[in-house]
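A.B. asks: I have a structure I would like to understand better, so I am pasting it below and will then ask my questions one at a time.
The values are calculated or read from the model by the stated rules, or taken from the named source; none is laboratory data. Since this is a predicted model, take the numbers as computed values, not measurements. All Cβ positions, glycine included, derive from the backbone under ideal geometry; neighbour counts span all protein chains shown. In case anyone asks, the SASA skips ligands and DNA or RNA and just uses the protein heavy atoms, side chains included. Shrake-Rupley method; radii C 1.70, N 1.55, O 1.52, S 1.80 Å.
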Amino acid sequence: METKLWAVDNLAVYKQSYPQLIEAAKLLRENEVVAFPTETVYGLGANATSDSAVNKIFEAKGRPSDNPLIVHIADKKQLNEIAEDIPNVVDKLIEHFWPGPLTLVLNQKSVGQTLSKKVTAELSTVAVRMPDHPIALALIKESGLPIAAPSANTSGKPSPTMAKHVQNDLYGKIAGIIDGGPTGVGLESTVLDCTGEIPVILRPGGVTKEQLEQVCGKVEIDQALVKQDEAPKSPGMKYTHYAPNAPLYIVKGTAEYIQKLVFSKQQEGLTVGVLTTVENESYFSADVVYTCGSIHDLQSVANQLYETLRKFDEAGVDLIYSESFPEDGIGQAIMNRLLKAAGHQVIYEE
Ligand code: TXA
Ligand code: MG
């Protein structure tokens, strides 16, 4: 199919002059699928109340149908049309973090629910978020709909942080792509289950555990994120994800040790890539060395992680060694994604 490309800058949104967004919103109302920027990663949006629209998301991405989608809203009023039994703690969280990279898992409204069952994969809960991006908010408002939107990548690939990543994965498969420039956070939203007594992080992301706890007290982490043999409560976390084409290994060791590994693989005739930070870049001698932000600014690592993983695909290396990152703050989400991208292959320095 023809994929339209629209370039929209945030200034146009503030001036409320955006014919492209009006056209994109019309396509959403016609149950077509459109990719748009959010503050985390690009999303692949469709009318969350239509089975046929939502099916198109699963088809374009090649996503397993038992993996539910996040419903994106632009106005708090939309929440009460979707969810019920909303605990008080959620009001505080919304007050602090919406619009923003926090997805709340809530009980679905039981009577008069208008969402397609395909959005929630038949679960009794629903995941909702209000993105903090002028284009996303204007598009959702303009459509007048709740918008189901996973990340706009082919299933299994790193999430897109630039419109060109969406184009690489989905051109010809979707109705349109809104190019709003690179996204801000670079990793997806935090998914927080608010259906129990204590909120539980199902997927670490843009809002950290520490930030959540400052607002709502104790927060737990789904044990499946810590222990690999537990079944995750967020269905999406069980799939291999974010993976570059070449095998990726996370090394817990010094730069010197990583360099030894590189030499030994090169001696076997393999082409080796290294993922490192600007501080260590000049230390390495490998076929390809890509930096991913600064070790002193983990937000910069989050911001560039997916772009860097995609660059290794373009370089066509045989294998990749990555440094590991501290797991505080946003580091928890970084290591979660990196470990998944590596299929949990970790090499410890002897
Ligand atoms: O930042 C983001 O969250 C991006 C942007 C586009 O908003 N979206 C995103 O969607 O990352 P997706 O589909 O790639 O990831 C959604 C995650 C999956 O792990 C899914 O299993 C989980 O949320 N999820 C959705 N509904 C759920 C529910 N009712 N209960 C538990 N987990 C749920
Ligand atoms: Mg995704």
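A.B. asks: When only residues in segment 15-49 that are more than 23 Å from the chain's Cα centre (by Cα) and closer than 20 Å to Met130 by Cα count, which is least open to solvent (accessible area, probe 1.4 Å)?
C.D. replies: Ile22
A.B. asks: How many residues does segment 135-158 contain that are in contact with a Gly (Cβ under 9 Å, 6 or more places away or on another chain) and more than 13 Å from His72 (Cα to Cα)?
C.D. replies: Count: 4.
A.B. asks: In this structure, is Gly206 open to solvent by 10 Å² or more (accessible area, probe 1.4 Å), within 21 Å of Lys233 (Cβ to Cβ) and more than 19 Å from the chain's Cα centre (by Cα)?
C.D. replies: no
A.B. asks: Among Leu275, Leu309, which is open to solvent by less than 20 Å² (accessible area, probe 1.4 Å) and more than 16 Å from ligand 1 (Cβ to nearest atom)?
C.D. replies: Within the list Leu275, Leu309, the selection yields Leu275.
A.B. asks: Among all residue pairs at least 6 apart or on different chains, which show Cβ distances below 9 Å where the first residue, located in segment 321-346, is farther than 16 Å from His296 by Cβ and the second is charged (D, E, K, R) and modelled with pLDDT of 95 or more?
C.D. replies: Close Cβ pairs satisfying both conditions: Tyr321/Lys265; Gln332/Lys209; Ala333/Glu188; Ala333/Arg203; Asn336/Arg203; Arg337/Glu188; Val346/Lys252.
Quick grid of which residues meet (1) within 15 Å of Val41 (Cα to Cα); (2) open to solvent by 50 Å² or more (accessible area, probe 1.4 Å); (3) among the β-branched types (Val, Ile, Thr); (4) not assigned by TED's automatic domain parsing to the domain that holds Met335:
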position: Ser124; (1), (2), (3), (4): no, yes, no, yes
position: Ala127; (1), (2), (3), (4): no, no, no, yes
position: Ser151; (1), (2), (3), (4): yes, no, no, yes
position: Ile178; (1), (2), (3), (4): yes, no, yes, yes
position: Thr183; (1), (2), (3), (4): yes, no, yes, yes
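A.B. asks: Sort out which residues of segment 159-176 are touching a strand residue (DSSP E or B) at 6+ places or on another chain (Cβ under 8 Å) and either closer than 22 Å to Ile73 by Cβ or buried (at least 24 other Cβ atoms within 10 Å of the Cβ) (or both), and write them in order of number.
C.D. replies: Within segment 159-176, Ser159, Pro160, Val166, Ile174, Ala175, Gly176 qualify.
A.B. asks: Return only the number of the condition from (1) surrounded by fewer than 19 Cβ atoms within 10 Å (Cβ to Cβ); (2) more than 22 Å from His241 (Cβ to Cβ) that Ala286 does not satisfy.
C.D. replies: If we test Ala286 against (1) surrounded by fewer than 19 Cβ atoms within 10 Å (Cβ to Cβ); (2) more than 22 Å from His241 (Cβ to Cβ), just (1) comes out false.
A.B. asks: Since Ala231 meets every condition but one in (1) modelled with pLDDT of 95 or more; (2) within 14 Å of ligand 1 (Cβ to nearest atom), which condition does it not meet?
C.D. replies: Of everything listed in (1) modelled with pLDDT of 95 or more; (2) within 14 Å of ligand 1 (Cβ to nearest atom), Ala231 misses just condition (1).
A.B. asks: Which residues, taken from segment 105-122, are near ligand 1 (Cβ under 10 Å from one of its atoms), modelled with pLDDT of 95 or more and of a type in the set (A, V, I, L, M, F, W, C)?
C.D. replies: Val105, Leu106, Val119
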